[in-house]
Amino acid sequence: MKVSLFHVVLILLSFATTCCSSSSDDIKTPIEDAQDPNPDDDDDDDDDDDLVSTSVSFVEEHGQLRIQGTNIVDENGDTVQLRGMSFFWSQWNGEYYTAETVKWLKDDWQSTVVRAAMGVDEGGDAYINNPDREKQKVFTVIDAAIAEGIYVIVDWHSHHAEDYVAEAKAFFSEVSEKYGDTPNIIYETYNEPLDVSWTNTLKPYHEDVLASIRENDPDNIVICGTRTWSQRVDEVIGNQIDDPNIAYTLHYYAATHKQELRDLAQQAVDAGVPLFVTEYGVSEASGDGSIDVGEANTWWDFLDANNIGWCNWSITDKVELSAALMPGASFQGGWGANDLSQSGTMVRAEIKANN
Ligand code: DCB
């Protein structure tokens with residue numbers, strides 16, 4: 001039988017009136033949600049603008065975070081231990097700073113946090129020389145984290161941040177002005193200081209940058225780096241920054257740093273210093289060398305026992321053992337088992353088992 005275009009239009013019209021007049025249209029099915037690139041937005045751009053999503057994102061569930069004692073707690077006062085991935089230095093592997101990668105890390109890895117590690121000064125072609133380009137990569141990750149309903153750490157990734165105070169203040173002022181009213185943002189003012197004094201250099205640096213943030217954002221958490229690659233969290237004891245929502249950075253590489261560093265961290269926690277592991281590796285401190293599976297597990301147990309949140313170093317396909325990805329892995333997520341390194345496989349399993 002020959003069906004005319006007129007018949008097709010009639011059939012479609014009658015289907016549209018019966019199915020779309022019912023109020024069941026207000027609820028999206030899980031399948032519709034899974035196909036929707038932004039299941040949590042209002043879908044104002046499509047015809048049926050009264051669609052309401054039934055899924056609640058992680059940030060919708062937990063809302064504004066704050067520090068209570070040594071823990072991060074959510075808007076209901078319940079402890080939250082964030083687990084997720086750090087991107088690599090933005091100036092060297094910024095191709096992974098995509099909305100699709102963030103979405104994949106949330107959907108497939110079940111990450112509840114990601115960290116944008118904006119390269120500041122290293123290598124001569126980072127933020128200091130190309131501020132707009134590097135900032136745009138960070139904004140892409142922040143926007144995607146907000147769209148996906150996960151938390152995002154904005155990291156000033158440098159070993160010499162005290163040499164760029166004005167630049168750090170301008171950057172964090174801009175970020176906090178743009179995003180300070182969303183609960184998603186966590187600021188990390190200085191990735192890894194070298195051997196400089198907490199009291200004389202680092203604390204004043206953090207206080208200075210913090211002031212730029214607090215002009216725009218009174219309450220989101222700020223994480224502050226500590227002496228020698230963010231290891232000497234014990235030096236903060238009795239000398240904390242005067243703000244209710246500060247955590248201090250602890251970094252470790254499991255094949256290098258072991259019980260001795262856990263002991264320093266435990267001292268800090270026992271003295272009331274809140275910690276966050278904004279990066280760690282299961283490899284040696286070089287980011288390569290060897291992987292220590294036993295120590296990686298001992299560290300995860302330690303972090304869980306103390307409710308310490310973490311991001312793993314890192315989302316890159318560089319040929320090094322801390323890299324989560326194998327060479328050539330897509331910049332848009334969608335990674336299969338063969339795209340993940342040993343580290344990536346271990347860390348993804350750890351996140352999925354706990355988040
Ligand atoms: C930290 C840095 C991070 C660095 C990793 C692994 O540095 F925050 O940026 O990442 O840990 O070393 C590495 C990449 C390499 C890249 C190198 C460039 O994985 O591919 O070539 O950055 O700098 C640490 C952490 C601990 C220690 C030393 C460093 N430590 N460090 O304990 O001695 O020298 O960067």
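Computed from the coordinates by the stated procedures, all read-outs in this text should not be read as laboratory data. None of the values given here were measured: they were computed from a predicted structure. FYI the Cβ positions are ideal-geometry reconstructions off the backbone, even for glycines, and counts take in every protein chain you see.
Charge dipole of the stretch 187-339 (Cα centre as origin; +1 on each Lys and Arg Cβ, -1 on each Asp and Glu Cβ, all else neutral): 80 debye, rounded to the nearest 20. Take the alpha carbon atoms of the stretch 51-127, find their center, do the same for the stretch 206-240, and report the distance between the two centers in whole angstrom. Going from one Cα centre to the other spans 19 Å. Across the stretch 85-227, C-alpha contacts under 8 Å between residues 6 or more apart give a mean separation that, scaled by the residue count, equals a relative contact order of 22 percent.
Given the pairs Lys169/Lys352; Lys137/Lys318; Lys106/Lys178; Lys178/Lys352; Lys103/Lys318; Lys103/Lys258, which span a C-alpha to C-alpha distance of over 29 angstrom in this model?
Beyond 29 Å: Lys169/Lys352; Lys178/Lys352; Lys103/Lys258.
Given their separation in residues at 0.36 nm each and the Cα-Cα distance between them, Glu162 and Thr256 gain 31.2 nm when the chain is fully extended. For Asn129 and Lys352, what does the FRET efficiency come to when R0 = 41 Å and r is the distance between their Cβ atoms, rounded to the nearest 0.05? The pair Asn129/Lys352 has a calculated efficiency of 0.60.
With the contact rule set at Cα under 8 Å and sequence spacing of 6 or more, what percent relative contact order holds for the stretch 204-355?
Relative contact order here is 16 percent.
Taken about its Cα centre, the stretch 234-309 carries a charge dipole of about 100 debye when Lys and Arg each add +1 at the Cβ and Asp and Glu each add -1 at the Cβ.
Label sites at Asn338 and Ala211, each approximated as a point 7 angstrom past Cα along Cα to Cβ, lie 5.7 nm apart.
In plain terms, the chain from Ala305 to Gln267 could stretch by 12.3 nm, reckoned as 0.36 nm per residue minus the Cα-Cα distance.
Across the stretch 60-127, the mean sequence separation of Cα contacts (distance under 8 Å, 6 or more residues apart), normalised by length, yields a relative contact order of 28 percent.
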